[in-house]
Amino acid sequence: MLLELSYQISEDIPVYPGSPAEHFKPDNRMSEGDHCNTTVIVHYIHAGSHVDAPFHFSANGKTIDQISIEDFCYEKAVLIDCPLEVGDDKPTAY
């Protein structure tokens, strides 16, 4: 069984302090005479659930597209709860 542990993409997912918020912008709309409905999603890479690939901290590290999805599937995952207080910019424990 696989269990996904991530936020759904929405305009109110948490973002890294100072980062731009998620934004959904209607592009084409049939109600306005367009042939289909389309939406542009503005997404900052540090929004919601994400992985900091090694490249984020190392010029020679792998980028996220170079990491296999299988590297994120675990048989015996360990979860650590690091609650934040309002206004905290980093966890108090790692």
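Quick note: the coordinates plus some simple rules give every number you see, no bench work behind them. Worth saying up front: this structure is predicted, and the values here are computed from it rather than measured. Glycine also receives a Cβ, built like all others from the backbone with ideal geometry; neighbour counts cover every protein chain displayed.
Observations on the structure shown:
- The modelled label-to-label distance for the pair GLU32/TYR44, using points 7 Å beyond Cα in the direction of Cβ, is 2.6 nm.
- Computed label-point distance, nm, for sites ILE69 and PHE55 using a 7 Å Cα→Cβ extension: 1.9
- Short-range pairs are left out: with C-alpha atoms under 8 Å and at least six residues apart, the relative contact order of the chain is 19 percent.
- When MET1, MET30 are arranged by Cβ crowding within 10 Å, least crowded first, meaning fewest neighbours, the order is MET1, MET30.
- Listed peptides 73-80, 11-18 by packing density, highest first (mean Cβ within 10 Å): 11-18, 73-80
- Shape category assigned to the chain from the gyration tensor of Cα positions, a/c cut at 1.5: prolate
- In segment 2-51, the ratio of gyration radius to Kirkwood radius, Rg to Rh, stands at 1.12 when only Cα atoms are counted.
- A Förster distance of 25 Å, applied to the separation of the beta-carbon atoms of CYS82 and LYS25, puts the FRET efficiency at 0.15.
- Seen from THR39, the other residues with C-beta closer than 13 Å to its C-beta sum to a net charge of -2, counting Lys and Arg as +1 and Asp and Glu as -1.
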